[in-house]
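The values are calculated or read from the model by the stated rules, or taken from the named source; none is laboratory data. Remember, predicted model here, so these are calculated numbers, not experimental data. Please note: Cβ atoms are built from the backbone with ideal geometry, for glycine as well, and neighbour counts cover all protein chains shown.
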Amino acid sequence: MQKILVTGGLGFIGSNLIKLLLKKKYNVINLDKVSYSSNFYNTKNFSNHKNYKFMKCDLTNKKKLNKIILNYKPIGIFNLAAETHVDRSIDDPSPFVKSNIVGLFNLLEVIRKYHKLNKKIKLIHISTDEVYGDVLTGRSKESDAYKPSSPYAASKASSDHLVNSYIRTYGIPAIITNCSNNYGPRQHPEKLIPKMIYNILNNKPLPIYGKGLNSREWIYVDDHCEALEKIFKKGKIGNFYNIGSNINVNNINLMKKLLKIIKTTYMIGDNVKIKFVSDRPGHDLRYAINSNKLKTKLNWKPKINLAFGLKKTFEWYYENQKYFLSLNKRDIVNRLGKKR
């Protein structure tokens, strides 16, 4: 059975990816450093699966990382280990540099040496559309220049450049993916949609940055994970692939859609009202990517539309309210990234 190593597998996208990989009959090793955004609740449904193994490992621990890869000999590595919250990167960029750049560098060095022993190894490095920066018109293509605005986006852009340099210089077999905003089950409520769902379930106001006009391209996490598995199997080494829905919604309209969907099955409290708050420093107005390469070359397309995806997402959080209890409350309710 083919062994796959997933870094950051206790997180949102990582845990959903592992769920898919186990369904596809892979043997999965989950490496996670167990940070504030890691959650064993995310893996509870498959933690005892015969083809699943968890190992605590920070990518900055190069010696341990090297030992694990040499021991388990994976044929594929999906790198999702990263600090991801923009507001946190505004408050303190240092963890983002450490995890997203130094940790990734260690992983590349280990893979570079391991590749000499196993030519079949393949790295899928998962990145973000935020590396392209503000896209006021059109949609970013894989060949477009990077113009990151936040320390988070800059750290991810740096990691992408590092991976690409190791492909060109050392010939390591790797592919880089840049995905639009994900949503769905198991996402930490520091992010917009689960935070709003948490507030709705707890009869709290819904804080929206600025005037709510910031536009994002939303993709349901299962669609993203299926794209990643397809890229692993059929993607061309050395290539970049954008992954997105090609559908943009601004934050105010997104909240209106979410509220409309929830109101059909759930009684919303009197305090649940949209509340505009001071904007995030350096807040990009619009992200939008062109995913035609993935659709035409690998015959992939998203299956879940936004309305159905939002409904499924709310249902999961409603049915799994114990998930919120597994988190530190201040990580849910405290505002980060304020202007100082």
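Below, the figures for the structure above:
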| quantity | calculated |
| --- | --- |
| Breaking point among (1) under 24 Å from ASP160 (Cα atoms); (2) modelled with pLDDT of 95 or more; (3) surrounded by 23 or more Cβ atoms within 10 Å (Cβ to Cβ), for THR84 | (2) |
| Number of the exception - SER127 against (1) of a type outside the set (Val, Ile, Thr); (2) closer than 30 Å to GLU190 by Cβ; (3) more than 15 Å from the chain's Cα centre (by Cα) | (3) |
| Region 189-240: number of residues that are farther than 30 Å from ILE121 by Cβ and not hydrophobic (A, V, I, L, M, F, W, C) | 20 |
| Pick from region 41-98, criterion of a type in the set (Lys, Arg) and part of a loop (DSSP other than H, G, I, E, B), ranking: farthest from PRO173 (Cα to Cα) | LYS44 |
| Unique match (being within 30 Å of PRO281 (Cα to Cα) and either surrounded by 15 or more Cβ atoms within 10 Å (Cβ to Cβ) or over 18 Å from the mean Cα position of the chain (by Cα) (or both)) among LEU59, LEU65 | LEU59 |
| Per-region count, region 275-320, residues surrounded by fewer than 18 Cβ atoms within 10 Å (Cβ to Cβ), aliphatic (A, V, I, L, M) and under 22 Å from LEU136 (Cα atoms) | 1 |
| Region 321-332 - residue that is without any contact (Cβ under 8 Å) to a residue 12 or more places away in the chain and closer than 28 Å to LYS211 by Cα and, of those, surrounded by the most Cβ atoms within 10 Å (Cβ to Cβ) | LYS329 |
| Any chance SER15 is among the small types (Gly, Ala, Ser), assigned to a loop (DSSP other than H, G, I, E, B) and closer than 18 Å to HIS188 by Cβ | no |
| Those residues of region 270-291 which are touching a Leu at 6+ places or on another chain (Cβ under 7 Å), hydrophobic (A, V, I, L, M, F, W, C) and outside any loop (DSSP other than H, G, I, E, B), in sequence order | ILE274 |
| Helices (runs of 4 or more DSSP H) within region 155-269 that include 3 or more residues surrounded by fewer than 17 Cβ atoms within 10 Å (Cβ to Cβ) and not aliphatic (A, V, I, L, M) | 221-234, 251-263 |
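Rundown of residues vs (1) closer than 21 Å to PHE232 by Cβ; (2) in contact with a Leu (Cβ under 7 Å, 6 or more places away or on another chain); (3) among the small types (Gly, Ala, Ser), yes/no style:
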{"position": "ASN45", "(1), (2), (3)": "no, no, no"}
{"position": "LYS50", "(1), (2), (3)": "no, no, no"}
{"position": "ASP91", "(1), (2), (3)": "no, yes, no"}
{"position": "ASN118", "(1), (2), (3)": "yes, no, no"}
